[in-house]
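This report concerns only the one structure given below.
The values are calculated or read from the model by the stated rules, or taken from the named source; none is laboratory data. Only a predicted model underlies this, so the values are computations on that prediction, with no experimental measurement involved. With ideal geometry, Cβ positions are generated from the backbone for all residues, glycine too; neighbour counts draw on all protein chains shown.
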Amino acid sequence: MHQHHDRDRKIFEVFVRENEGALLAYIRTFTRDAQIAEDLFQETMLIAWRKFDEFDSCGSLSAWLRGIAKNLIRNAWRKQSNDRLVFNESTAIIAQNTIEAVETEGSDTWLERLSVLSDCISRLPMRSRELVTARYADKRTADELALSVGISAEAVRKRLQRIREQLADCIERHLGEATG
Amino acid sequence: MSEKRGANDKQIHERSDRDAVMDSLLVSLHEQPSEREERVQRLLAKYPQRRGSTRIGTTPMARPQGYATLFRQRTSRVRLVFALATMMLVTCGVYLAVAPPSAQAAFARAATVLNQPVTRVFDVDITTQGVVQEMRELSATLYRQSTERFLLNFENARVNPCIVAGNTQRNWIRFGGRTWLSDEESNEGFPNYTWFDLVAVRQLHFSKLFDELPTDYDLRWLDDAMLPGDSKHLHRIEAIRRHYDATMPRRVVVWIDPDSDVTQQIEVSMHVADFSIIRTFVARFREEVPLDESFFQLESHR
């Protein structure tokens, strides 16, 4: 019995590890609050585990998880208008499409799938790459970056937004080429 | 006029949505492995027991916002019994699917053959894909006499010959045209620009890897597969690691000849360094050659 429980728990762990990357990326699209994102992620995973028998094995597991997450996000949004949690259908569609497109790359881990984005980053000019690294790898805020770069925080935000736009275009181009 | 403004508003709105998606993907890409691991552990700590209703704990910050309590307590015993039965079926199904006994037997036979004292030559390709760096590829030849004796000779490294040797005690020795160092020493002197490190060297320890494959990996078995450009029918076993271990490969694919039990190809991929670098190691069997022990000595290659 104990062994059975351990095995069950191990399968749950594999289930979590295999799916956490894509799911969390999807949830983060709707909230910048890391704590809220993690709560929603945990709730989605636990509900999915409990309802695993309802999953149609012919369908996409990650799309099914995103469906559960979407309902949770929508419910949370309905309960109260929280400005940190912005949910709308068009964001959901774009997030779903982008993440699905990245997932078609056929690698076995989420990070490997994100190699499309890595490739796009490597094609950015040096200054843009450094800004991306400083913002996302070193987790420096726009205000901190403004001080070190010598421009206003608003200009840093705009520059980052333009870079993200370039990266989004690059991903679309890349996946467009891949799908022919 | 108002239609045009409406279209512009929609475009701006979609742009900001796209921006949010990209922001999220960039955050995911740059996350540290330790952050991911901690998050997984926090969730595993809430592993839902089969019996009854696991309430989801919410963080003190999220609780007052009222959305976190999303699980309903199961009150119906019938539903509980059905849920338990389904979970058990799923568990058994997954367990049987991931651990086919024939794959384990094939590994055992292949490991036995691999340990026989015959020098086999493999063509090796090592590919490294970083986040911001371009992909680098290395070609090499692996001369593997036994678990304890093998040489990896890089044809396209700048230091020529650049050879790596190792033994079972993991006291790896590297030597090239200019220098040689043991593992306990610093990496100074070794041609770092070859993007070759300890992790890649340890992947050459096939026997250890073969020992762990049946126990620590989920195995997917295909008993009639062919390598590209080859008509030979082979066993193909894909192994995905169950629990994250930074020192072990995440994914391994082994191709075994069912007639001779000789490993025809082994593909290993793993994350190295800060988790943002993915290294793939592919060794393809070329031939068996008679080489004496002196070939595996440093002096023979100075």
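Quick notes
- Test: residue in region B:266-279 that is modelled with pLDDT of 70 or more, exposed (fewer than 14 other Cβ atoms within 10 Å of the Cβ) and part of a strand (DSSP E or B): no
- Among the candidates A:Ile11, A:Ile68, A:Ile73, A:Ile27, residue that is buried (at least 17 other Cβ atoms within 10 Å of the Cβ) and modelled with pLDDT under 75: A:Ile11
- Check on A:Leu117, closer than 18 Å to B:Arg18 by Cβ, at pLDDT 75 or above and not in a helix (DSSP H, G or I): no
- Within region B:37-49, restricting attention to residues that are under 18 Å from B:Asp245 (Cβ atoms) and more than 7 Å from chain A (Cβ to nearest Cβ), the residue that is modelled with the lowest pLDDT is B:Glu37.
- Count - residues of region B:1-36 that are at pLDDT 70 or above, in a helix (DSSP H, G or I) and either more than 7 Å from every other protein chain (Cβ to nearest Cβ) or farther than 18 Å from A:Ile163 by Cα (or both): 4
- Cβ-Cβ contacts under 9 Å between residues 6 or more apart (or on different chains), taken from a first residue in region A:84-98 that is in the same structural domain as A:Ala63 (by TED's automatic domain parsing) to a second residue that is at pLDDT below 75 and in a loop (DSSP other than H, G, I, E, B), are listed as A:Leu85/B:Tyr67.
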